[in-house]
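The values are calculated or read from the model by the stated rules, or taken from the named source; none is laboratory data. Everything quoted here is computed from the prediction, not taken from an experiment. When we count neighbours, we look across all protein chains shown, and the Cβ atoms used for this are built from the backbone with ideal geometry, even at glycine. Keep in mind that these areas ignore ligands, DNA and RNA; they rest on the heavy atoms of the full protein, side chains included. Shrake-Rupley method; radii C 1.70, N 1.55, O 1.52, S 1.80 Å.
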Amino acid sequence: PPSQAAEGMPEYGNDPGGSLVGLNPEQTRATTHTDGPAAVLAGPGTGKTRVLTQRIAYLINRKKINPGNILAITFTNKAAGEMRERSNKLLQQDASAHELSITTFHAFGYQILKEHAAYANRSSRFSILDPQDRLRLIAEHLPVSEREAKKYAGFFSRIKQDPGENTEKEDEKMAGAYRVYQKILREYDLFDLDDLIAQPVMLLESYAELREKFSRQYPWILVDEFQDINLMQYRLIQLMARDSHPNLFVIGDPNQAIYGFRGSSTRFISRFIE
């Protein structure tokens, strides 16, 4: 249940010692867990965002973890902004919130590509193709109707979100269109939104030095709304967390999954726990 702080008790961030005032026992247990991976399953109104932000503050204020070694990932810019603002208020004055990496999956993937585009034989001056521009590009270069363009775009996304998916049921025309589409992206120095996850996964799978770099940089990883993660997002986190540290913390509610149409699945919660 949501924590109820006693009247007149100080908020966590106002206590110079970085106490856990206001948290109930289960929230405190989740916030202070630092011995190996952890999965927290909690329903609406139970303070999931509060636990995440106070865990960040606990790691920095109490455990003296370098803010630059913490990575917190969520799904929307709004959620990331809220987490950043709330974390900043909880940090002691000698801690720098500017070093924190609180971001979205796509923004983090963009960062990896921007810094390491050369590994993919691409320029760091690439542009991102938004969904509407992708439809226009497909209709212009394939060419297909507007209705067909949406169908093709969905097919391209499925390939990138789950490379192992059986696409044999699709005809050769669509398979050929995908090859043309990929050639056009490279020719015009473009990545689509699916590439912002798929390409970093490919780089981390292919280059041990990149995995080691991000594992060293982010030994503390927190993932919000874990019920909405898809295969490639799961793989991205797995690649960074597997080599050098066990401090992966995920939180979510299987009953609040909303991104099934994008390939997300609550099975990854079960896979993580196993």
Boolean, LEU239 is modelled with pLDDT of 95 or more and either within 26 Å of THR32 (Cα to Cα) or open to solvent by 20 Å² or more (accessible area, probe 1.4 Å) (or both): no
Qualifying positions in region 210-232 - in contact with a strand residue (DSSP E or B) (Cβ under 9 Å, 6 or more places away or on another chain), polar (S, T, N, Q) and open to solvent by less than 10 Å² (accessible area, probe 1.4 Å): GLN227
Residue count for region 63-111, restricted to those that are among the hydroxyl-bearing types (Ser, Thr, Tyr), modelled with pLDDT of 90 or more and within 23 Å of LEU23 (Cβ to Cβ): 1
Any chance ALA118 is hydrophobic (A, V, I, L, M, F, W, C) and exposed (fewer than 13 other Cβ atoms within 10 Å of the Cβ): yes
Where a residue in region 23-48 is within 13 Å of PHE249 (Cβ to Cβ) and assigned to a strand (DSSP E or B) and its partner, wherever it lies, is open to solvent by 40 Å² or more (accessible area, probe 1.4 Å) and modelled with pLDDT under 90, with Cβ under 8 Å and at least six apart: ALA39/PHE272; ALA39/ILE273; LEU41/PRO254
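Any idea which of GLY8, GLY18 is at pLDDT below 50, small (Gly, Ala, Ser) and open to solvent by 40 Å² or more (accessible area, probe 1.4 Å)? Lay out the reasoning, then the answer.
Numbers: GLY18 fails: open to solvent by 40 Å² or more (accessible area, probe 1.4 Å).
Just one listed residue meets the conditions, GLY8.
For residues that are assigned to a loop (DSSP other than H, G, I, E, B) and in contact with a helix residue (DSSP H, G or I) (Cβ under 8 Å, 6 or more places away or on another chain), scanning just region 118-140, find the one that is farthest from TYR181 (Cα to Cα).
Pass one, region 118-140, residues assigned to a loop (DSSP other than H, G, I, E, B): 121-126, 130.
If we keep only those that are in contact with a helix residue (DSSP H, G or I) (Cβ under 8 Å, 6 or more places away or on another chain) as well, we get 122-124, 126.
Numbers: ARG122: 16, SER123: 18, SER124: 20, PHE126: 16 Å.
Here the residue is SER124.
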Residue among ARG136, ARG147 that is farther than 23 Å from VAL201 by Cβ, modelled with pLDDT of 90 or more and open to solvent by 30 Å² or more (accessible area, probe 1.4 Å): ARG136
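Do the conditions hold for THR53, that is, is it open to solvent by less than 50 Å² (accessible area, probe 1.4 Å) and in contact with a Lys or Arg (Cβ under 6 Å, 6 or more places away or on another chain)? It would help to see each step written out before you state the result.
Numbers: open to solvent by less than 50 Å² (accessible area, probe 1.4 Å): yes; in contact with a Lys or Arg (Cβ under 6 Å, 6 or more places away or on another chain): yes.
Yes.
Determine whether PHE108 is of a type outside the set (Asp, Glu), within 19 Å of GLN217 (Cβ to Cβ) and in contact with a strand residue (DSSP E or B) (Cβ under 8 Å, 6 or more places away or on another chain). Steps first, please.
Numbers: of a type outside the set (Asp, Glu): yes; within 19 Å of GLN217 (Cβ to Cβ): yes; in contact with a strand residue (DSSP E or B) (Cβ under 8 Å, 6 or more places away or on another chain): yes.
Judged against the criteria, PHE108 is a match.
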Condition check for TYR152: assigned to a helix (DSSP H, G or I), within 22 Å of GLU225 (Cβ to Cβ) and in contact with a helix residue (DSSP H, G or I) (Cβ under 6 Å, 6 or more places away or on another chain): no
Residue satisfying condition, being closer than 28 Å to ILE229 by Cβ and open to solvent by 60 Å² or more (accessible area, probe 1.4 Å), within set ARG125, ARG158: ARG158
